[in-house]
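What follows is a set of notes on a single structure, which appears directly below.
Coordinate-derived values only; no laboratory data. Source: prediction; values computed, not measured. Every residue, glycine among them, receives a Cβ derived from its backbone with ideal geometry; neighbour counts consider all protein chains shown.
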Amino acid sequence: MAQLSEIRTGIATNLASITGLRTAAVMPDNPSPPIAIVQPDSISYDDTFQRGMQTYTFTVVVLVGRVAERSAQNAIDAFCSSTGASSIKLAIERDKTLGGKVYDLRVTDMRAYATISVGEVNYLAAEFLVLCFAD
């Protein structure tokens, strides 16, 4: 059976394939952008008979700096693309079993393209929804 922390770490490992993007499987105290932070969102238990599968939902929050708005938006735009070297979707789906920890995974949505505050610092951010299917 997959452990929540193993899945979270596997997603962060896949994201590390993007050059220049820091990754975190746990929320850092002082994030240093650009960074992708993997956060558990929900677990749907017993999706098949006799406890055969769970659906894990994760939110990956990507933060970039706000030093220059145009460059921050260009960076987030590249991460939001479904193709290219900076694509969050392609990076996460690079190994869809996370080394055998899950049956399959999919990046289904990009949402919440906005300015958010972490501590007292504002960042430009986007959230990505990731579904993982495991026992």
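Filter the stretch 115-135 down to the residues that are without any contact (Cβ under 8 Å) to a residue 12 or more places away in the chain and assigned to a strand (DSSP E or B), then identify the one that is nearest to the chain's Cα centre (by Cα). By that ranking, first place goes to 117.
Contact map, the stretch 66-94: first residue under 21 Å from residue 117 (Cβ atoms), second residue part of a helix (DSSP H, G or I), Cβ cut-off under 8 Å, separation 6 or more or different chains; pairs are 66/72; 79/88; 80/88.
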